[in-house]
């Protein structure tokens, strides 16, 4: 099993608790309130970076990530 090379950002906003981005697999991890995790891949680094630096990350998430990139299931990371 390979170690993931994840960039991890905590306390992004009230609606997005954490963001993670696996540079090797281009996997975006979005942690919502209550610990709900959503995984998307492939997502370009630029989309992750824009989300992290956004003034209103929840709005940008809804407009550019949710429903736009494939949502995936990841075993062992529930």
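Every number here is computed from the coordinates shown, using simple stated rules; none is lab data. As the structure is a prediction and not an experimental result, all values here were calculated from the model. FYI the Cβ positions are ideal-geometry reconstructions off the backbone, even for glycines, and counts take in every protein chain you see.
Summary of values
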item	result
Chain lengthening between residue 55 and residue 32 when straightened (0.36 nm per residue, less Cα-Cα)	6.6 nm
Cα shape, segment 6-72, gyration tensor, a/c 1.5 rule	rounded
Exposure proxy order (Cβ contacts within 10 Å, fewest to most) of 73, 63, 58	73, 63, 58
Choice from 34, 15, 67 showing the highest fluctuation, given a GNM over the chain with Cα pairs closer than 10 Å	34
Efficiency of FRET between residue 41 and residue 5 - r from beta-carbon atoms, R0 25 angstrom, step 0.05	0.95
